[in-house]
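For reference, the structure discussed in these notes is given below.
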Amino acid sequence: METFGIASVAVITVITYLVGLVGKASSMNDKWIPILCGVCGGLLGAVSYYLAPIPDFPAGDVINAIAVGMASGLAATGVNQLYKQQCK
């Protein structure tokens, strides 16, 4: 049983989390960070669908790959918020 598809989704989440941290460190307004993470996730989903076709990737076409990537990017924002709430 191989789970490379789920691992690629986790990698997209980690990369978009790091992109969000870069956005936070810059002068970007905080309201744009989730949008930045979602767009980057969508792009990474499409790239991973075309350039690294993985049999277990949870998308059968490019539209679903973009949606999976966007959801992963927005999950990175949720992880950040969960961390911030636990630190209070």
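The values are calculated or read from the model by the stated rules, or taken from the named source; none is laboratory data. Everything quoted here is computed from the prediction, not taken from an experiment. Cβ: placed from backbone, ideal geometry, glycine included. Neighbour counts: every protein chain shown. Note: areas computed on protein heavy atoms with side chains; ligands, DNA, RNA excluded. Shrake-Rupley method; radii C 1.70, N 1.55, O 1.52, S 1.80 Å.
Quick look at the values:
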item: Pair list, Cβ < 6 Å and 6+ apart or interchain, from the stretch 22-42 residues that are over 17 Å from Gln81 (Cβ atoms) to residues that are open to solvent by 80 Å² or more (accessible area, probe 1.4 Å) and modelled with pLDDT of 90 or more; result: Gly42/Met70
item: Qualifying residue in the stretch 58-67 (condition: more than 14 Å from the chain's Cα centre (by Cα) and modelled with pLDDT of 90 or more); result: yes
item: Positions within the stretch 30-53 being at pLDDT below 85, farther than 11 Å from Val9 by Cα and in contact with a Ser or Thr (Cβ under 9 Å, 6 or more places away or on another chain), in sequence order; result: Ala52
